[in-house]
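Novice: Okay, here's the structure, questions in a sec.
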Amino acid sequence: MSDEPGLIQQRIALGRARNVAIVRIAFPAVLALILGIGQLSRGVPSFLWLPLAGMAVYGVVHLVSVERRRRRFVAEHGRDAGQQMPVRR
């Protein structure tokens, strides 16, 4: 018996990783907006932008990696593999 999770669990894990990557892009964007407003009003030091840029770049790299894994999953198992159909009564 294989230790590999089922197709449903794999698709759920890919979706969760995609959501995390999107948050890793959106969070620094929101912080940059807040920091930009603060810099305009009070002169916040500009060195605070570097960590935000690094976080956003990391998020983009993570998102690209997840999309590659998702494409490989779809190519290997098919487009509808692991999708759950809604229950209808």
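The values are calculated or read from the model by the stated rules, or taken from the named source; none is laboratory data. Only a predicted model underlies this, so the values are computations on that prediction, with no experimental measurement involved. Glycine gets a Cβ as well: all are built from the backbone with ideal geometry, and neighbour counts include every protein chain shown. Only protein heavy atoms, including side chains, enter the accessible area calculation; ligands, DNA and RNA are left aside. Shrake-Rupley method; radii C 1.70, N 1.55, O 1.52, S 1.80 Å.
Novice: Anyone know which of Leu63, Leu52, Leu33 comes out most mobile in the 10 Å Cα GNM of the chain?
Specialist: Among Leu63, Leu52, Leu33, the largest mean-square fluctuation in the Gaussian network model of the chain belongs to Leu33.
Novice: Ok, one more. Picking from Ile37, Ile12, Ile22, which is most flexible by a Gaussian network model of the chain using Cα springs under 10 Å?
Specialist: Per the Cα network of the chain with a 10 Å cutoff, Ile37 tops the list.
Novice: Leaving ligands, DNA and RNA out of it, work out the accessible area of Glu4 with a 1.4 Å probe and give it in Å² to the nearest 10.
Specialist: Around 110 Å² of this residue is reachable by solvent.
Novice: What three numbers, in Å, describe the spread of the alpha carbons of the chain along their principal axes, ordered from the longest?
Specialist: Computed over the chain, the largest-to-smallest principal extents equal 60, 33, 21 Å.
Novice: If you put +1 on each Lys and Arg Cβ and -1 on each Asp and Glu Cβ, how big is the dipole of the stretch 7-77 around its Cα centre, in Debye rounded to 20?
Specialist: With only Lys, Arg, Asp and Glu charged at Cβ, the dipole is about 280 debye.
Novice: I would also like to ask the following. Modelling each spin label as a point 7 Å along the Cα-to-Cβ direction, I'd like the Arg71/Ala13 distance in nm, to one decimal.
Specialist: For the pair Arg71/Ala13, the computed spacing is 2.1 nm.
Novice: Let me ask something else about it. 7 Å from Cα along Cα→Cβ at both Glu4 and Ile22: what's the point-to-point distance in nm?
Specialist: 2.7
Novice: If you don't mind, there's one more thing I want to ask. Would you mind calculating the relative contact order of the stretch 7-77 from Cα pairs under 8 angstrom and at least 6 residues apart, reporting the percent as a whole number?
Specialist: So the answer I get is 46 percent.
Novice: Which of these, Gly38, Gly59, Gly15, has the largest mean-square fluctuation under a Gaussian network model of the chain (Cα springs below 10 Å)?
Specialist: Checking each option, the largest mean-square fluctuation is seen for Gly38.
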